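Visitor: For reference, the structure I am asking about is given below.
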């Protein structure tokens with residue numbers, strides 16, 4: 001952990017606790033975030049299940065192939081929702097209270113994004129439960145751990161992205177932009193099929209889209225084998241995305257006073 | 001006659017307000033245009049290899065097949081957005097202002113649906129243009145395209161009336177917004193994205209009997225094959241069924257709302 | 001050393017709209033300073049700059065001895081802030097909110113807990129401490145907001161329109177608390193659009209209109225600038241001229257208005273009894289009398305030609321351009 005963050009840990013902890021109220025104290029608040037990726041997971045499995053007949057999927061069970069995308073979709077949307085919540089806090093004036101306090105800006109950001117990483121575990125838990133119930137392959141403890149790292153890491157990056165946009169536009173009207181950004185990043189990957197089956201532009205985009213690396217890392221356990229070769233690019237991508245997007249969010253926070 | 005003209009003007013002006021409102025609020029416009037477009041792009045690029053599956057129907061390309069699904073998805077979401085906007089009007093008290101005006105109360109709902117119809121038509125034309133840009137061949141030509149726009153416009157009114165009924169009954173935007181995931185359940189359980197014969201059970205069986213599949217087929221036929229009387233009749237009957245359900249429920253909800261105040 | 005020193009402070013927004021145009025003021029340690037002005041006058045923009053939430057586009061300011069731009073973190077450690085509309089999280093309880101604020105000011109956990117109890121009792125919210133803020137009334141929210149601003153015993157307390165929209169009882173509770181805080185040594189900078197609030201609470205008042213301070217001083221000094229108190233006396237017909245002669249011995253008799261005898265009194269209320277006595281001794285029956293004193297609104301009218309309160313106060317003093325000028329700060 002960053003030493004500065006360690007010193008300010010109590011501040012981060014109270015901000016995380018406050019952000020978790022959104023889920024813990026509003027009845028049913030977690031449902032939309034859980035429902036959408038679960039419906040997509042079940043729907044895509046039912047609709048595109050026969051695609052595995054094309055070969056090259058690494059499995060005959062489409063649900064084992066698609067679960068990784070649904071996990072990242074849930075975490076991406078949960079992270080983007082953090083941006084929507086921040087925009088609401090800015091509109092309501094609550095964020096001024098934090099900015100007028102002596103809490104360092106990175107601490108305020110950390111409070112928001114860590115809560116997003118934790119909240120992303122809720123849709124992930126539901127998806128995995130439903131997935132195993134309909135026959136998703138057991139990824140093994142290491143594969144499962146990597147899936148969770150991917151889910152929490154992408155939620156952190158998505159929260160930074162959402163926060164950066166919230167700080168730029170300062171209105172909840174920017175919500176579609178936050179969600180659409182994550183939608184594009186997560187789905188313009190090898191989401192529906194392996195790279196060799198992707199058509200034209202999507203083949204190119206999926207190759208350069210860094211989230212493809214995260215998806216391959218998350219997916220590998222469910223397809224049977226976990227290798228370092230499929231893991232390190234994903235870890236590196238998460239670190240880079242978080243670093244870059246956090247820098248944007250912090251710059252946005254500094255510019256709030258302009 | 002004068003009353004009819006006055007109500008028609010109210011419907012037209014409320015419809016225009018509804019369209020303006022949608023394009024001025026990104027939250028309402030994005031689900032209608034942005035998300036179906038992104039999903040269309042990703043599904044076409046990602047699952048396009050499906051046309052190589054032996055049982056897949058003869059089409060010029062996967063986009064030709066998917067276009068109808070995107071249009072129906074868009075008009076379902078347009079209907080839902082209209083319902084959300086109506087519920088927001090109810091929450092903010094804007095409809096009370098209209099209720100005390102000397103116009104038919106049903107004109108208020110019809111005004112909203114007129115706006116939804118316009119959004120349906122706009123979205124249909126948008127996807128037709130998208131199709132043209134990316135190489136879709138419209139087998140039935142201009143007449144077929146006109147039929148597609150007609151089906152999508154009518155479907156938008158039908159789906160919008162169901163959302164309006166929920167808005168009028170509950171008066172809460174969050175409840176109508178909560179229908180969003182259900183739209184995808186209905187879509188995934190239809191032939192919007194894939195032929196029924198290639199879907200997994202039990203979704204395949206549900207899709208065969210889902211009236212939404214008939215609407216999708218009605219919109220898809222002019223692109224990928226030929227328009228048949230039977231197909232058009234099924235599409236029309238399905239849309240009429242959805243509209244009857246929505247308008248009936250809307251009338252009941254409106255009556256209840258006016259009774260309870 | 002002054003608690004707040006402001007020199008030529010300016011703030012322009014995109015499009016060149018200037019919300020604050022060269023504000024200069026000084027607030028001494030232990031003083032209550034009220035910034036009085038209509039909506040859109042530049043009050044909130046000034047407070048946002050002084051609390052480091054908005055960077056000035058010109059001039060400079062020091063709060064608690066620290067420059068608001070170069071030493072913003074030090075300013076934030078020294079100040080307490082209760083902003084307009086009391087933006088509180090409806091999902092948190094009152095106790096949690098104060099605890100959060102205490103943690104942000106690095107108070108140790110035990111101390112934060114004790115401080116929360118103390119402050120909630122002080123603002124009379126101990127009975128609602130564990131209820132969610134969403135269930136609080138407007139007055140309770142303002143009191144909680146005030147309590148949270150005090151968690152670290154700030155040297156300087158900024159209150160942006162602390163009683164706007166409150167009922168008279170809640171307003172008085174806030175005033176009492178502000179006075180108590182000030183007695184304990186806290187410097188208070190408050191903005192208000194209420195004349196009575198500035199008059200009752202402030203040691204000194206700065207009147208702001210269209211981004212500029214148009215008058216400054218103690219409420220008494222400001223009112224003295226626009227005139228002296230005068231007495232309006234209603235007496236029986238036919239006695240007006242004689243009454244004018246009698247009261248003229250105690251103050252300056254003004255021309256009668258609507259049959260009323262008017263006399264300007266240097267001593268204000270203290271001179272009313274001698275006037276009544278003199279009329280009585282002269283055998284002139286007084287039907288009614290009223291002491292009319294200049295108000296801060298009279299000061300505002302004298303300085304700007306417009307009224308501060310009443311219909312369209314915001315537009316009257318600030319104008320549409322000013323209203324827009326305040327917008328970005330509040331967005």
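Throughout, read-outs are computed from the coordinates displayed, never taken from laboratory work. Note that the structure is predicted; figures quoted are calculated from it, not measured. Here the Cβ is made from the backbone with ideal geometry for all residues, glycine too, and neighbour counts use every protein chain on show.
Visitor: Tell me, Kirkwood radius of region A:55-105 from alpha-carbon pair distances, in Å?
Guide: Here the Kirkwood hydrodynamic radius works out to 14.1 Å.
Visitor: Need one number: % antiparallel among DSSP beta bridges in chain C, to the nearest 5.
Guide: 65 percent
Visitor: Using only Cα atoms and rounding to the nearest 10 degrees, what angle (0 to 90) does helix A:228-255 make with the longest principal axis of chain A?
Guide: The angle comes out near 30 degrees.
Visitor: Further question on the same structure: Per residue, how much space in cubic angstrom lies within the convex hull of the C-alpha atoms of region C:96-250? Working shown, then result.
Guide: On the way: hull volume 28.9 nm³, N = 155.
Looking at region C:96-250, the number lands at 186 Å³ per residue.
Visitor: Grab the DSSP H runs of chain A that are 4 residues or longer, score each as -39,500 (n - 2.57), total them, divide by all residues and round the 222 nm result to the nearest 500 deg cm²/dmol. Intermediate values should be presented prior to the final figure.
Guide: Details: 12 runs with 197 residues, N = 258.
That calculation yields -25500 deg cm²/dmol at 222 nm.
Visitor: Relative to 2.2 N^0.38 Å, what does the C-alpha radius of gyration of the protein assembly as shown come to as a ratio? Two decimals please.
Guide: Dividing the Cα radius of gyration by 2.2 N^0.38 Å gives 1.19.
Visitor: Just to verify a number: FRET efficiency for residue B:60 and residue A:248, C-beta to C-beta distance, R0 = 56 Å, to 0.05? All intermediate terms of the calculation are to be shown ahead of the outcome.
Guide: Details: r = 43 Å, r/R0 = 0.76.
The formula returns an efficiency of 0.85 here.
Visitor: Relative contact order of region C:48-146: what whole-number percent is it, with Cα pairs under 8 angstrom and at least 6 residues apart? Kindly include the intermediate steps, with their values, before the conclusion.
Guide: On the way: 93 pairs, mean separation 26.5, N = 99.
27 percent.
Visitor: Let me ask something else. Could you work out how far the C-alpha centroid of region B:155-179 sits from that of region C:17-93, in angstrom?
Guide: 46 Å
Visitor: As a test of the definition: which semi-axes, in Å, follow for region B:130-258 when you take the square root of five times each eigenvalue of its alpha carbon gyration tensor? Largest first, please.
Guide: 29, 18, 14
Visitor: If you don't mind, another one. Say R0 is 41 Å: what FRET efficiency, to the nearest 0.05, do residue C:240 and residue C:26 get from their beta-carbon distance?
Guide: 0.25
Visitor: Over chain C, what is the mean sequence separation of C-alpha contacts under 8 Å (at least six apart), divided by residue count, expressed as relative contact order in percent?
Guide: Relative contact order of chain C: 23 percent.
Visitor: Report the rotationally averaged projected area of chain A based on its alpha-carbon convex hull, in square nanometres. If you can, show how the numbers build up before the last one.
Guide: Values: hull surface 56.2 nm².
Mean orientational projected area (chain A, Cα hull): 14.1 nm².
Visitor: Where the convex hull is taken over the Cα atoms of region B:114-185, what is its projected area averaged over directions, in nm²?
Guide: Working: hull surface 23.3 nm².
Mean orientational projected area (region B:114-185, Cα hull): 5.8 nm².
Visitor: From the P(r) of chain C, can you give the percent of Cα pairs sitting at distances over 24 Å?
Guide: 61 percent
Visitor: By how many degrees, between 0 and 90 and to the nearest 10, does the Cα long axis of helix B:211-224 differ from the longest principal axis of chain B?
Guide: Rounded to the nearest ten degrees, it is 50.
Visitor: Another question, if that's okay. Per residue, what volume in Å³ does the convex hull of the Cα atoms of region B:212-257 enclose?
Guide: Values: hull volume 2.5 nm³, N = 46.
It comes to 55 Å³ per residue, whole-number rounded.
Visitor: Kirkwood Rh over Cα pairs of chain B into Stokes-Einstein at 37 °C, 0.692 mPa s: D in µm²/s?
Guide: It comes out at roughly 175 µm²/s.
Visitor: Give the value in nm², to one decimal: projected area of the alpha carbon convex hull of region A:55-155, averaged over all directions.
Guide: The Cα convex hull of region A:55-155, projected and averaged over all directions, gives 7.8 nm².
Visitor: Here's a follow-up. Hey, what angle do you get for helix C:272-281 against the long axis of chain C, alpha-carbon based, 0 to 90 degrees rounded to 10?
Guide: Between helix and principal axis, roughly 10 degrees.
Visitor: Between residue C:5 and residue C:121, take the C-beta separation as r, use R0 = 30 Å, and let me know the FRET efficiency to the nearest 0.05.
Guide: 0.30
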